[in-house]
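Written below as structure tokens is the structure these notes are about.
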Amino acid sequence: AGRPVALKFYDDARDAGRATENLRQALADPDMLAMIGLSASSRAKPAFEANGKAIAETAIPFLSSISVNSIFAKYPNVFTMQASQDDERLPAMAAFIRHMNYQRAAFVGLKDILFSSALGDGLKQRLDASALVADHRLASQGNALNRADLDAAIADLRQKSPDLVVVAVGTARSALLLNEMVRANVTPALFVTGRIEMLPEALVKTYPNA
């Protein structure tokens, strides 16, 4: 309507504390019309826990990119551009595993990363108890994986021989995990989360059933 709109950008630098403070500052702006962004669920959860009352009171539209929609389900003014992990991704993955008749699935994810832990927890709830033979949550160190956790997971997978492994350790770390699995001759079918175009081409060729 001929009125200028000012855009303010807040960078949390992948830090949960800064994400929480950024959201607090944005909500304190009396001229704010809408908010767009906030993607990582691990940073979104504490940000919403700290600022939930203000989010509800402002009632302004908040278009996020959060996939774990249980974080914001009680806020009618918060939406997401991502597929819902709770209502879309998990049911589709569980249905796929059953449809393909995998009987011995395993999950390898990350500790303290909400997207990954929520995915593993959701699969445990949706699959029969006997269908998930292993569940490993690895500690991460940047783009690396904790060596002790990784070795323990590989040894357990080798012993239990799953027919499918769901991998949710982040795209950059997936190559490390898959290389170690190949080296240990643990090569079941894979269901890999993340961006497939970021996986090394040689690894994709090694794992045609991923």
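Return the tail of the calculated pair distribution for the chain, meaning the percent of Cα-Cα pairs more than 27 Å apart. Mind showing how you got there, number by number?
Numbers: 8701 of 21945 pairs.
Tail of P(r) above 27 Å: 40 percent of Cα pairs.
Would you list, by chain and number, the aspartates and glutamates whose Cα falls below 14 Å from the Cα of Lys8, excluding same-chain residues fewer than 8 positions away?
Candidates past the 8-residue exclusion: Asp29, Asp31.
Based on a Kirkwood Rh over C-alpha pairs, give the Stokes-Einstein translational diffusion coefficient of the range 29-105 at 37 °C and viscosity 0.692 mPa s in µm²/s.
Details: Rh = 14.0 Å.
Once the numbers are plugged in, D ends up at 235 µm²/s.
Classify the range 132-188: rounded, prolate or oblate, from the alpha-carbon gyration tensor (a ≥ b ≥ c, eigenvalue square roots; a/c under 1.5 rounded; otherwise prolate if a/b is larger than b/c)? Could the numbers behind the result be given before it?
Values: a/c = 1.61, a/b = 1.54, b/c = 1.05.
The shape class here is prolate.
Carbon-plus-sulfur fraction of the accessible area of the chain, 1.4 Å probe, in percent? Mind dumping the intermediate values first?
Values: 6150 of 11770 Å².
Ligands and nucleic acids excluded, carbon and sulfur give 52 percent.
Run through every distinct alpha carbon pair of the range 14-58 and return the Kirkwood hydrodynamic radius in angstroms, one decimal place. Let's see the in-between values first.
Numbers: mean 1/r = 0.0941 Å⁻¹.
Across the range 14-58, the inverse of the average 1/r is 10.6 Å.
Compute the helix-to-body angle for 16-28: its Cα long axis versus the longest principal axis of the chain, expressed 0 to 90° and rounded to tens.
30 degrees
Would you mind getting the accessible area per residue of the chain, heavy atoms of the protein chains only, 1.4 Å probe, in Å²?
Numbers: 11770 Å² over 210 residues.
Each residue of the chain exposes 56 Å² on average to a 1.4 Å probe.
Apply the Karplus curve 6.51 cos²θ - 1.76 cosθ + 1.60, θ = phi - 60°, to the phi angles in the range 34-43 and return the couplings in whole Hz, x for Gly and Pro.
6, 10, 10, x, 6, 9, 5, 5, 5, 8
Per the Kirkwood treatment, what hydrodynamic radius in Å, one decimal, follows for the range 96-198 from the mean inverse distance over all distinct Cα pairs?
Working: mean 1/r = 0.0736 Å⁻¹.
Averaging 1/r across every pair of different Cα atoms and inverting gives 13.6 Å.
When only Cα pairs under 8 Å and 6 or more residues apart are kept, what is the percent relative contact order across the range 21-164? Please report the intermediate quantities before stating the final value.
Details: 183 pairs, mean separation 27.3, N = 144.
For the range 21-164, the relative contact order is 19 percent.
The range 17-55 to the range 124-165: how many Å between their Cα centroids?
33 Å
Let me spell out the model: positive unit charges on the Cβ of Lys and Arg, negative unit charges on the Cβ of Asp and Glu, origin at the Cα centre of the chain. What dipole size does that give, in debye rounded to 20? Could the numbers behind the result be given before it?
Values: 23 positive and 22 negative charges, 48 e Å.
In total the dipole reaches around 240 debye.
Pick out, from Tyr10, Ala83, Gly120, the residue whose Cα sits farthest towards the positive end of the charge dipole of the chain, with +1 on the Cβ of Lys and Arg and -1 on the Cβ of Asp and Glu.
Among Tyr10, Ala83, Gly120, the one farthest towards the positive end of the dipole of the chain is Gly120.
What number, in nm² with one decimal, is the all-direction average of the projected area of the convex hull of the alpha-carbon atoms of the range 69-138?
Values: hull surface 20.8 nm².
Mean orientational projected area (the range 69-138, Cα hull): 5.2 nm².
What's the magnitude of the charge dipole for the range 56-119 around its Cα centre, counting Lys and Arg as +1 and Asp and Glu as -1 at the beta-carbon? Answer in Debye, nearest 20. Walk me through the intermediate numbers first.
Numbers: 5 positive and 5 negative charges, 62 e Å.
Using Cβ point charges on Lys, Arg, Asp and Glu, the range 56-119 gives about 300 debye.
The values are calculated or read from the model by the stated rules, or taken from the named source; none is laboratory data. Just so you know, these numbers come straight off a predicted model, no measurement behind them. Ideal geometry is used to build each Cβ from the backbone, glycine not excepted, and the neighbour counts take in all protein chains shown. SASA here: full protein model, heavy atoms, side chains in, ligands and nucleic acids out. Shrake-Rupley method; radii C 1.70, N 1.55, O 1.52, S 1.80 Å.
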